[in-house]
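Written below as structure tokens is the structure these notes are about.
Any read-out appearing in this document is the output of simple, stated calculations on the displayed coordinates, not a laboratory observation. Given the structure is predicted, the values throughout are model-derived calculations rather than measurements.
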Amino acid sequence: MTTVVVAAAIIAMILVGVALIHRLNARQQARTAAYHYGDTLPGVGRPHRPKHPHPGAGESRSPGEEGRSPDDER
């Protein structure tokens, strides 16, 4: 009988912990949604990436461009 009571108490504590963590996560998600900490300020944006990557920097070509180089398009 004691074993059943101890097992029930452990299961009850686990369920209380799960419910508490669920409530804390929901509260934190609501707080994060209300305050946009990650938004950049106007005029203080992130640096822009170059429009064209450096040659050989992992460019992938489509199947029709296998034998052409960028100079062929001129």
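A few points about this structure:
- Extension gain from LYS51 to LEU20, taking 0.36 nm per residue of separation minus the Cα-Cα distance: 6.4 nm
- Compared with the alpha-carbon gap, the fully stretched path from ARG31 to VAL5 is longer by 5.5 nm at 0.36 nm per residue.
- In order along segment 4-13, phi translates into HN-Hα couplings of 5, 5, 5, 4, 5, 5, 5, 5, 5, 5 Hz, rounded to whole numbers, per the Karplus curve 6.51 cos²θ - 1.76 cosθ + 1.60 with θ = phi - 60° and x for Gly and Pro.
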